[in-house]
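What follows is one structure encoded as structure tokens, with my remarks underneath.
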Protein chains: 2
Amino acid sequence: MYDLLNGLRVVEGAAFIAGPSAGLHMAQMGAEVIRFDAIGGGPDYRRWPLAPDGSSLYWEGLNKGKKSIAIDLGRPEGRELAVALATAPGDQGGVFLTNYPVKGFLSHEALKARREDIITVRVMGWADGSPAVDYTINAAVGVPQMTGPADDPRPVNHVLPAWDLLGGAYAAFAAASALLRRRASGVGAEIRVPLSDLAASSLSHLGQVAEVLTGGDRPRMGNDLFGAFGRDFVTADGQRLIVVAITPRQWTGLLKVLDLSEAVGAIEAALGVSFARDEGARFTHRAALFPLFEAAFAKRDAEALIPAFDAGGVTWGQYQSLHQAVTHDPRLFTANPLFQSLTHPSGLTYPASGPAATLADEARMALTPAPRLGQHTDEVLAQVLGLDGGAIGRLHDEGLVA
Amino acid sequence: MYDLLNGLRVVEGAAFIAGPSAGLHMAQMGAEVIRFDAIGGGPDYRRWPLAPDGSSLYWEGLNKGKKSIAIDLGRPEGRELAVALATAPGDQGGVFLTNYPVKGFLSHEALKARREDIITVRVMGWADGSPAVDYTINAAVGVPQMTGPADDPRPVNHVLPAWDLLGGAYAAFAAASALLRRRASGVGAEIRVPLSDLAASSLSHLGQVAEVLTGGDRPRMGNDLFGAFGRDFVTADGQRLIVVAITPRQWTGLLKVLDLSEAVGAIEAALGVSFARDEGARFTHRAALFPLFEAAFAKRDAEALIPAFDAGGVTWGQYQSLHQAVTHDPRLFTANPLFQSLTHPSGLTYPASGPAATLADEARMALTPAPRLGQHTDEVLAQVLGLDGGAIGRLHDEGLVA
């Protein structure tokens, strides 16, 4: 945790990945993030993967360091509490993260009527409000048709919810940007971040919209890197490594380690191209190049190749399972200073990650685990809404909070 | 484009996706983003996909709306110009986005010696400075081993550079957060955003680190959604649709449209589970459920199913190619207000996307295309560094700028 957002209070009424991860990013940069949920938990409260006791590892991963208040959102008095939290006065508040529908009791209009400078950041499925999740949007933009071996026509869904993760980071960026404007001008904002628009804009930014308009769809090509040199190869001892060479230096370094400069030079001479100068030529002529690399990897053990790659500045990676990485890879997990061991609401103790960013020369403050549902109900009602003990007791008696 | 970051100047010395997309997000929210490159272009200047004239659709996608200055970075005088730009005084400046190495002439220490409150946001491969790209990190965290049909053991790389895209949005969030702190306290920051840490932290946030520690690796399962109900199915007329049911409402809506409530009820009775109440049971017993759904889809045409899904609030998607989407899908591309038609440096005119976020009730300002390399060299030298015409002319004469 770092202190970049110290003094900021964010109210989160959201579920699943994109909204809660935006809140998580802000919490891990120092904001006080108050998540409200229905009593008994929202629609993501039992989402897999699960701990042995049945609680959700997903929920406790995405809600680390937040405060939790549980409210009966089915009754007008409960809804009023949620609106009061989101719109509580004061310079430190007035930021609301949500994936609730555009219309309804948490609409921007309703909130703005209570707090003129409210900033609402709303993660959505389709921009028109229709339901969508990461995987349905991904199918619609053609990624599964481009993924997987060229010899198999079946579409391959990604397993990493990339659009959700992007949505979380982008929503956090949008919230921080809107805060910069509000602090300068006093003006709030209603910001909508649909997964459909994240996908459409990203494919525009990557040049792929222009690509299909000028050249049609990109074919499936398995693990071959588009537009330069990259693929997985198997070593003599059966390990699978990926190498990627985009810049001239990466390319010449790779050839040197694999002792392929001469053989590749002969192909260059025959084809009249320079692979060092033209990364695209490496892609165009990859069918001529790959057999040389397959043979070179097949002659060498990973044990010998890896230090040579490192010494030669080669960009490479090892295929390993997540379990292998989590239990054995010091750079990613076992010695990564991002991780701190915490005891979580599931009762399990395991390492959890702080922010992806490292602020050099600033201490990583202690992480706190996800809350139990309703763990901060009384504290939030007292501190944010200014209710006294009697009023809080009555809300409990009426079953409006838990 | 919106005005959330109006009055901010960001200097970008970066290449490829993560760094330049962070600058793009900031430019599209109103910041003046000045990208400097080597004369003749940086390592991403010819990156595929290419336009018919050989210029990069990728470069012009990722640099929309930025200003470009070309500098001879091989000579000390050129390097001094880059440092002077990044550290130019004034409240509006002092934010530097980069993927240059931690050490060297653009190190945070070197910049801080010139401007005490500089904010440096550095996208990296591995956190220790070793080279990595999206695809090598992805192999190391086990995603390719989880991706693809269960009947094929080959690892499947993702084709969407998810870690790069996440890195761009997260770096933009980190920069905006650091600005909020600087405006409150006057303190700058050195922020490092390694792809390796983005991957490790994301898999922690999603609960997957805890999952493998408690239960081992998640097996490959093709397009089956983990932990709830979701998969692709083929309709009578041969169209492939994905449906996802996570919440009870999504599930009961899906059963109703497919007329499966009774058949599924019989399975529930036989197994002693409630699929409506327990999304995980739908996953555990998917082998019993899938044949019913396959048969139900195979009896119906997409033309009839789609409006029924929409009326029933079902979360579904259509597998289409990116070309189909770009040329025919109004919600994603052909009628999406994010897109404006621009004439780009390649000479091509095609629609390009503004920010993924929509600020309701605020006008989307006109987009500007990517610059030609060096298009703003003189303007930047005059406005940011205060050089007069004579000094700028001498820099050109010495070949230090172009």
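If I model a spin label as a point 7 Å beyond the Cα along the Cα-Cβ vector, how far apart are those points for B:Asp117 and A:Leu271 in nm?
For the pair B:Asp117/A:Leu271, the computed spacing is 5.3 nm.
Which FRET efficiency value, to the nearest 0.05, is calculated for A:Asp128 and A:Glu262 with the Förster distance at 45 angstrom and r the Cβ-Cβ distance?
Numbers: r = 59 Å, r/R0 = 1.31.
According to the calculation, E is roughly 0.15.
Determine, at each q value in 0.15, 0.19, 0.20 (inverse angstroms), the log₁₀ of I(q)/I(0) that the Debye formula gives when each Cα of segment A:300-402 is one equal point scatterer.
Once normalised to I(0) and log-transformed, intensities are -0.86, -1.05, -1.08.
So which helices of chain A fit the span-like rule, where a helix is a whole DSSP H run, its Cα atoms reach 24 Å or more along the axis, and its mean Kyte-Doolittle is at least -0.5? Present the calculation step by step, with values, prior to reporting the outcome.
Details: long enough: A:162-185 (34 Å, 0.53).
In chain A, the long hydrophobic H runs are A:162-185.
From the label point of B:Ala382, set 7 Å from Cα along Cα→Cβ, how far away are the matching label points in the other copies, in nm, ordered shortest to longest?
Nearest to farthest, the other copies are at 6.3 nm.
Taking loop as defined by DSSP and a crowding limit of 12 other beta carbons within 10 Å, which GluC sites (Glu not before Pro) in segment A:303-402 fit? Mind dumping the intermediate values first?
Details: sites: A:Glu303, A:Glu362, A:Glu379, A:Glu398; in loops: A:Glu362, A:Glu398.
Hits after loop and neighbour filter: A:Glu398.
Considering amide H positions built from the backbone, and no H for Pro or chain starts, which residues 5 or more places from B:Leu342, or on another chain, come under 5 Å of its amide H?
B:Tyr350, B:Ala352
Between copies, how close do the A:Ser185 label points come, placed 7 Å along Cα→Cβ, listed in nm from shortest?
With the label placed 7 Å along Cα→Cβ, A:Ser185 yields 2.8 nm.
First measure r as the distance between the Cβ atoms of B:Asp310 and A:Ala360, then evaluate 1/(1 + (r/R0)^6) with R0 = 45 Å and state the FRET efficiency to the nearest 0.05.
Details: r = 51 Å, r/R0 = 1.12.
Efficiency at R0 = 45 Å is approximately 0.35.
For chain B, set up a Gaussian network in which alpha carbons nearer than 10 Å are linked by springs, and say which option among B:Arg277, B:Arg364, B:Arg35 fluctuates the most.
Among B:Arg277, B:Arg364, B:Arg35, the largest mean-square fluctuation in the Gaussian network model of chain B belongs to B:Arg277.
Along Cα→Cβ, 7 Å out, is where each label goes; now give me the distance between the ones at B:Asp152 and B:Glu379 in nm to one decimal.
4.8
Expressed as a whole number of Å, what is the distance separating the alpha-carbon centroids of segment B:356-402 and segment A:294-362?
Using only Cα atoms, the two centres lie 40 Å from each other.
Shielding by partners for A:125-136, please: the mean number of other protein chain Cβ atoms within 10 Å of each residue's Cβ.
Counting other chains' Cβ atoms within 10 Å and averaging over A:125-136 gives 6.
Over 20 Å intervals from 0, what percent of Cα-Cα pairs in the protein assembly as shown sits in each interval?
Percent of pairs per bin, in order: 16, 51, 30, 4, 0.
With both partners inside chain B, how many of the DSSP beta bridges are antiparallel, as a percent to the nearest 5?
Working: 17 of 40 bridges.
Around 45 percent antiparallel, to the nearest 5.
Any idea how far the Cα center of segment A:215-274 sits from the one of segment B:1-72, in Å?
For segment A:215-274 versus segment B:1-72, the Cα centre distance is 27 Å.
What residues qualify as long-range amide H neighbours of A:Ser56, i.e. H under 5 Å apart, gap of 5 or more or another chain, H built at 1.01 Å from N?
Answer set, sorted by chain and number: A:Ala51.
What are the nm distances, shortest first, from A:Lys256 to its equivalents in the other copies, labels at 7 Å along Cα→Cβ?
Between copies, matching label points for A:Lys256 lie 6.7 nm apart.
Would you mind giving the mean number of other chain beta-carbons within 10 Å of the Cβ of each residue in A:246-254, as a whole number?
Mean inter-chain Cβ contacts per residue within 10 Å come to 2.
For the modelled label position 7 Å from the Cα of B:Ala236 along Cα-to-Cβ, which residues of segment B:290-331 have backbone nitrogen atoms closer than 16 Å?
Residues B:293-309 qualify, since their backbone N sits under 16 Å from the label point.
What does the charge count near A:Glu398 come to, summing +1 for each Lys or Arg and -1 for each Asp or Glu among other residues with Cβ under 12 Å from its Cβ? Present the calculation step by step, with values, prior to reporting the outcome.
Working: positive: A:Arg75, A:Arg394; negative: A:Asp72, A:Glu77, A:Asp397.
With Lys, Arg at +1 and Asp, Glu at -1, the neighbours total -1.
Which value in nm describes the separation of the simple spin-label points at B:Lys299 and B:Thr343, placed 7 Å from the Cα toward the beta carbon?
According to this spin-label approximation, the distance is 5.8 nm.
Out of segment B:40-93, which chymotrypsin sites (Phe, Trp or Tyr not before Pro) are coil in DSSP terms and have no more than 16 other C-beta atoms within 10 Å? Before the final figure, lay out each step's value.
Numbers: sites: B:Tyr45, B:Tyr58, B:Trp59; in loops: B:Tyr45.
Filter output for segment B:40-93: B:Tyr45.
For segment B:5-76, max minus min Cα coordinate along each principal axis, in Å, sorted largest first?
35, 33, 18
Normalised by the residues of chain B, what does the relative contact order come to in percent, with Cα pairs under 8 Å and at least six apart? It would help to have the intermediate numbers written out before the result.
Details: 687 pairs, mean separation 79.7, N = 402.
It comes to 20 percent, rounded to a whole number.
Report, as an integer, the average count of C-beta atoms from other chains found within 10 Å of each Cβ along B:230-239. List each step's numbers first, then the result.
Details: counts 4, 2, 6, 0, 0, 0, 0, 0, 0, 0.
Neighbouring Cβ atoms belonging to other protein chains average 1 per residue here.
Over chain A, with a Gaussian network built from C-alpha contacts below 10 Å, which listed residue (A:Gly374, A:Gly90, A:Gly215) shows the highest mean-square fluctuation?
A:Gly215
Starting from segment A:206-299, pick out the GluC sites (Glu not before Pro) whose DSSP state is loop and whose Cβ has at most 12 other Cβ atoms within 10 Å. Write down the numbers at each step before the final one.
On the way: sites: A:Glu211, A:Glu262, A:Glu268, A:Glu279, A:Glu294; in loops: none.
Loop-located and lightly packed - none at all.
Tell me what the protein assembly as shown gives for mean residue ellipticity at 222 nm when only DSSP H runs of n ≥ 4 count, each as -39,500 (n - 2.57), the sum divided by the residue total, rounded to 500 deg cm²/dmol. Show your work: numbers first, answer last.
Working: 34 runs with 326 residues, N = 804.
Taken over the protein assembly as shown, the calculation gives -11500 deg cm²/dmol.
I'm checking a number: the convex hull volume of the Cα atoms of chain B, normalised per residue, in Å³. What is it?
Numbers: hull volume 73.3 nm³, N = 402.
Hull volume over Cα atoms, normalised by residue count, gives 182 Å³.
Count the DSSP beta bridges whose two residues both fall in the protein assembly as shown, then state the antiparallel fraction as a percent rounded to the nearest 5.
On the way: 38 of 84 bridges.
The answer is about 45 percent antiparallel.
Taking Cα centroids, how far is segment B:74-112 from segment B:147-196 in Å?
Answer, in whole Å: 22.
I need the Debye-formula profile for segment B:229-318: one equal scatterer per C-alpha, no solvent, reported as log10 I(q)/I(0) at q = 0.16, 0.22, 0.23 1/Å, two decimals.
These q points yield log10 I(q)/I(0) values of -0.57, -1.09, -1.19.
Since every read-out is calculated from the coordinates, none of them should be taken as a lab result. All figures in this text were calculated on a predicted structure; none of them were measured in a lab. With ideal geometry, Cβ positions are generated from the backbone for all residues, glycine too; neighbour counts draw on all protein chains shown.
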